Amino acid sequence: MELQNNTGTKPTHVDILLTHIGQLLTMNHDHDQPVTGEQMNHVPMLEDAVVGIKDGRIAYIGQMQDQTTQQIKSDQMIDCKGKLVTPGLVDPHTHLVFGGSREHEFDLKLKGIPYLDILAQGGGILSTVEMTRRATEDELYDKATFHLERMLSYGMTTIEAKSGYGLDRETELKQLRVVKRLQQEQDTDIVSTFLGAHAIPKEWKQDPDGMLDLMIDILDEVKREELAEFVDIFCETGVFTVEQSKRYLAAAKDKGFGLKIHADEIDPLGGTELAAALGATSADHLVGSSDNGIEQLAANKVTAVLLPGTSFYLGKTEHARARTMIENQVSVALSTDFNPGSSPTENIQFIMNLAALQLKMNPAEVWNAVTVNAAHAINRGHSVGQIREGWQADVVLWDAPNYQYIPYHYGVNHVNTVIKKGKIKVVRGCRQDEF
């Protein structure tokens, strides 16, 4: 099997040539849509494969025995020695920029105190809000850079990043400006989301609708400065109702933003149905989603972003019904939900383990959920999440013999090498001079 590039011609010289790839997961399903249903059980793959990279893009995909392969010269050749190679992983839901940390709440969690009770006592999100308000932009940038580099080391080359730890005009804009600076200065691609409606701070406790009015007013400034592509809201008991969320997201949609929603994480309020009715790009969490809500996600082609790390960290026995969603033709993606309170991890590989063990997703479904579907969950399904000729060269070489191995072997980092936009950025499994 030989794959053609988008120009119809084969390169004679590339910057990097990956050879002797044991399994190459191209994730190219021959359509530009998220993967659903039985398709999620299929992993497009080549064996004994070769990938050529030139000018930051995939220039060639073939196999070692191809005659064309023997004619390609390269500045740098990497013998993959039968290892697994995949697209860079995509994380469609993170809270990357925040001040401080919340290890002081860990003991409360261990004692079984519910998160909403911690929130009512001024902890939880409100604790991080206070620390984020106090932090300077440079402090937030440096902290976020640390976490971003760790994400890259785990194979994540594209992520989404939300605001939401300001809950006021000044701090929300500060967070978004940090994200924009990260977009301009760091290797990882970042898609920005405005989550000003993440919680209700003390000053707005008696007037949550007034707070939403303030956040709607901020949207014009966010749009003018190009600080966010998406708008999100936390629709949950003790935060914002379905009716409030509908008003807020409709206003954001009118202003040209894509929509996301924290829906039915704890209680089945109907946020899933709201995401479907408004045509959101994704609905996230979904632990309490109803059967009707799941059917509506499929009917309206809304991607379900599932966050098993959050259920795990909060000690929940209930998990999002991934199997029901897949059987009902919902596009399912996975994410770390990296945040300081309910999922303090940058390790997407551990999330892949949890998806298999807790959500009962098989390895093929897991890989589709962290590549193709995750890319579509942030409107990047036409540039990342696949190894495809002409596409951005985001590639991960793994210390693993096949794709089943990563969800199976938990608790360690399997990354060998990360290539981002055609540049080698992470080398873990072997020395640089071995290349």
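This table checks each residue for (1) among the hydroxyl-bearing types (Ser, Thr, Tyr); (2) touching a Gly at 6+ places or on another chain (Cβ under 8 Å); (3) surrounded by fewer than 19 Cβ atoms within 10 Å (Cβ to Cβ); (4) in a loop (DSSP other than H, G, I, E, B).
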residue: 11; (1), (2), (3), (4): no, yes, no, yes
residue: 23; (1), (2), (3), (4): no, no, no, no
residue: 27; (1), (2), (3), (4): no, yes, no, yes
residue: 30; (1), (2), (3), (4): no, no, yes, yes
residue: 33; (1), (2), (3), (4): no, yes, yes, yes
residue: 60; (1), (2), (3), (4): yes, yes, no, no
residue: 75; (1), (2), (3), (4): no, no, yes, no
residue: 78; (1), (2), (3), (4): no, no, no, no
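Here is a yes/no grid of residues against (1) under 30 Å from residue 118 (Cα atoms); (2) of a type in the set (Val, Ile, Thr):
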position	(1), (2)
189	no, no
200	yes, yes
221	no, no
240	yes, no
248	yes, no
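Taking residues in the stretch 216-232 that are within 14 Å of residue 251 (Cα to Cα) and in contact (Cβ under 8 Å) with a residue 24 or more places away in the chain, and partners anywhere that are of a type in the set (A, V, I, L, M, F, W, C) and surrounded by fewer than 18 Cβ atoms within 10 Å (Cβ to Cβ), the pairs with Cβ atoms closer than 8 Å and at least 6 places apart or on different chains are 216/251; 219/251.
Return yes when residue 263 is small (Gly, Ala, Ser), under 22 Å from residue 342 (Cα atoms) and within 21 Å of the chain's Cα centre (by Cα) and no when it is not. Considered against the rule, which asks whether it is small (Gly, Ala, Ser), under 22 Å from residue 342 (Cα atoms) and within 21 Å of the chain's Cα centre (by Cα), residue 263 comes out as yes.
State yes or no: is residue 54 more than 30 Å from residue 199 (Cα to Cα), at pLDDT 95 or above, touching a Leu at 6+ places or on another chain (Cβ under 7 Å) and of a type in the set (D, E, K, R)? Criteria not met by residue 54. Looking across the stretch 140-162, the residues that are part of a helix (DSSP H, G or I) and surrounded by 15 or more Cβ atoms within 10 Å (Cβ to Cβ) come down to 140, 141, 143, 144, 145, 147, 148, 149, 150, 151, 152, 153. Within the bounds of the stretch 98-117, is there any residue that is more than 30 Å from residue 44 (Cβ to Cβ), assigned to a helix (DSSP H, G or I) and modelled with pLDDT of 95 or more? No.
The residues in the stretch 224-268 that are within 28 Å of residue 318 (Cα to Cα), at pLDDT 95 or above and among the hydroxyl-bearing types (Ser, Thr, Tyr) can be counted, and the count is 2. Restricting attention to the stretch 40-56, the residues being in contact (Cβ under 8 Å) with a residue 40 or more places away in the chain, surrounded by fewer than 24 Cβ atoms within 10 Å (Cβ to Cβ) and farther than 25 Å from residue 334 by Cα number 3. Residues of the stretch 235-258 that are surrounded by fewer than 24 Cβ atoms within 10 Å (Cβ to Cβ) and outside any helix (DSSP H, G or I): 236, 237, 238, 239, 241, 255, 256, 257, 258.
Taken over the stretch 35-52, the criterion of being part of a loop (DSSP other than H, G, I, E, B), of a type in the set (A, V, I, L, M) and farther than 24 Å from residue 19 by Cα is satisfied by 35 alone.
Yes or no, residue by residue, for (1) surrounded by fewer than 21 Cβ atoms within 10 Å (Cβ to Cβ); (2) touching a Phe, Trp or Tyr at 6+ places or on another chain (Cβ under 6 Å); (3) closer than 25 Å to residue 418 by Cα:
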residue: 310; (1), (2), (3): no, no, no
residue: 316; (1), (2), (3): yes, no, no
residue: 335; (1), (2), (3): no, no, yes
residue: 365; (1), (2), (3): no, no, yes
residue: 368; (1), (2), (3): no, no, yes
residue: 377; (1), (2), (3): no, no, yes
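If a residue must be small (Gly, Ala, Ser), assigned to a helix (DSSP H, G or I) and within 16 Å of residue 377 (Cβ to Cβ), how many such residues does the stretch 272-292 contain?
Of the residues in the stretch 272-292, the ones small (Gly, Ala, Ser) are 275-277, 279-280, 282-283, 288-290.
Okay, now just the ones that are also assigned to a helix (DSSP H, G or I), so 275-277.
Next, only the ones that are within 16 Å of residue 377 (Cβ to Cβ) stay: 275-276.
The qualifying residues number 2.
For the stretch 394-413, filtered to residues that are under 18 Å from the mean Cα position of the chain (by Cα) and in a loop (DSSP other than H, G, I, E, B), the residue that is surrounded by the fewest Cβ atoms within 10 Å (Cβ to Cβ) is 413. Of all the criteria given as (1) at negative phi; (2) at pLDDT 95 or above; (3) touching a Gly at 6+ places or on another chain (Cβ under 9 Å); (4) not hydrophobic (A, V, I, L, M, F, W, C), the one not satisfied by residue 310 is (3). Would it be correct to say that residue 324 is on the phi < 0 side of the Ramachandran plot, in contact with a strand residue (DSSP E or B) (Cβ under 7 Å, 6 or more places away or on another chain), at pLDDT 95 or above and part of a helix (DSSP H, G or I)? The answer is no for residue 324.
Would you mention how many residues in the stretch 128-153 are over 23 Å from the mean Cα position of the chain (by Cα) and β-branched (Val, Ile, Thr)?
Taking the stretch 128-153 and keeping what is over 23 Å from the mean Cα position of the chain (by Cα), we get 130-131, 133-139.
In the following step, the residues that additionally are β-branched (Val, Ile, Thr) were identified as 136.
Total meeting the criteria: 1.
The values are calculated or read from the model by the stated rules, or taken from the named source; none is laboratory data. In this text the structure is predicted, and so the values were computed from the model without any measurement. Using ideal geometry, Cβ is built from the backbone for each residue, glycine included, and neighbour counts are taken over all protein chains shown.
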